[in-house]
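Report on the following structure.
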Amino acid sequence: MSDNSTVTVHSSVPEDTLAKSQATGKFQAFTSKFMKQKLAVISSGFILLLLVLAVIGPHIVPYPPNEPNYDAMMQGPSAAHWAGTDEYGRDILSRLIDGTRLTMAVSLSAVFISAILGTILGLISGYYGGWIDRLIMRGSDVMFSFPDLLLAIGIVAILGPGLSNVVIAVAVFGTPSFARIIRSVTLSAKESLYVEAARSMGAKHNRIIWKHIFPETVPSIIVNVSMRIGGAILAASSLSFLGLGAKPTEPDWGAMLSMGRDYLSIAPHIVYYPGLLIFLTVLAFNLIGDGLNDALDPKTKN
């Protein structure tokens, strides 16, 4: 009797400890793979710097971003104004730093909304199938038939200009991408043995979806989010450039490009710096997405 009890004690390894050990091992493997992606690591540092500026930027800008100085209009880069001044004499560096919060807030909000909606639709479509799947996928196909920017322009034209409507527009055209990716992962996961076991034990559909299938979609969500943020920044900046997003007086990167294009021949620095910052930010998010994709891919060797 004592032998059997001893065997039972020794064989029952605490599940929480085992789960934590497995999670730690996976995280260490992910970190090891990601740190080998040098461009992705550098890009992560750049994005982290932008996020810090988005938080503390308004408190460290050298000049008030919206205060004109008519004695210093369209001056080139100098010791007093590192990125020069615009057509109203406003310090461009201060406006770029202050605009980081605006640009990041719009793009991140739009991508997270589309990620949530797309994940829910993808899980429902892939798990239940049938007419629900056909309805969601045909709706996605219709939206895929329009270029992203053209669809966003149409939505903003209907809703009216403004940053809140830009968030809605960018979120709408980003949702089908998440839905299709998550549906694909769901179709594969729902045929796995652990899902079949849960179903045979009488687990409810909601529990199967969120407890067993959803965790399998997380790596795909993370990669797609990092990829979509760059596109969201580009789309939001494009809408502001067209006058459909931020107001001309707001320090939005796209609006700064739009205001500065009239002075491109005599003061090109007004356009160069916001354009360069948009390019570097979009590139950084894309490189991070590539690095995350390689790090989360189980086929990639350490």
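The values are calculated or read from the model by the stated rules, or taken from the named source; none is laboratory data. Small disclaimer: the values here were computed from a predicted structure and weren't measured. Because the Cβ atoms are built from the backbone with ideal geometry, glycine has one as well, and the counts that use them run over all protein chains shown. Just the protein is used for accessible areas: all its heavy atoms, side chains included, with ligands, DNA and RNA removed. Shrake-Rupley method; radii C 1.70, N 1.55, O 1.52, S 1.80 Å.
Within the set of other residues whose C-beta is less than 12 Å from the C-beta of Asp262, count the net charge using Lys and Arg as +1 and Asp and Glu as -1.
Details: positive: Arg261; negative: Asp86, Glu87.
Taking every Cβ under 12 Å from that of Asp262, the sum is -1.
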(request) Return a single number: how many Lys pairs in the chain, at a sequence separation of 8 or more or on separate chains, have alpha-carbon atoms below 15 angstrom apart. (result) 7
(message) Can you give me the solvent accessible area of Asp290 with a 1.4 Å probe, rounded to the nearest 10 Å²?
(response) 80
(request) Calculate the length of the line joining the C-alpha centroid of segment 65-138 to that of segment 176-204, in whole Å. (result) 34
(request) Return the distance in nm (one decimal) between the two label points of a simple spin-label model at Lys211 and Leu51, each offset 7 Å from Cα along Cα→Cβ. (result) 3.2
(message) Computed from the coordinates I sent, Cα extents along the principal axes in Å equals one of (i) 94, 46, 30; (ii) 75, 50, 33; (iii) 105, 35, 25. Tell me the label.
(response) (i)
(message) Of Phe241, Leu264, Val142, which is farthest towards the positive pole of the chain's charge dipole, taken about the Cα centre with +1 and -1 on the beta-carbons of Lys, Arg and Asp, Glu respectively?
(response) Val142
(message) Which order do you get for Arg261, Arg199 if you rank them by accessible area with a 1.4 Å probe, largest at the top?
(response) Arg261, Arg199
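How many Å² of accessible area per residue for segment 25-97, probe 1.4 Å? Mind dumping the intermediate values first?
Working: 4250 Å² over 73 residues.
For segment 25-97, the per-residue accessible area is 58 Å².
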(request) Would you work out what percent of the accessible area of the chain, with all protein chains in place, is carbon or sulfur (probe 1.4 Å)? (result) 66
(request) Scan around Gly89 for amide H atoms under 5 Å from its own, H built in the peptide plane at 1.01 Å from N, and keep only partners 5 or more places away or cross-chain. (result) Asn69, Met74
(request) Would you work out the charge dipole size for segment 50-202 about its Cα centre, treating the Cβ of every Lys and Arg as +1 and the Cβ of every Asp and Glu as -1, and quote it to the nearest 20 debye? (result) 680
(message) I'd like the accessible area for Tyr194: 1.4 Å probe, protein heavy atoms, all chains in place, Å² to the nearest 10.
(response) 90
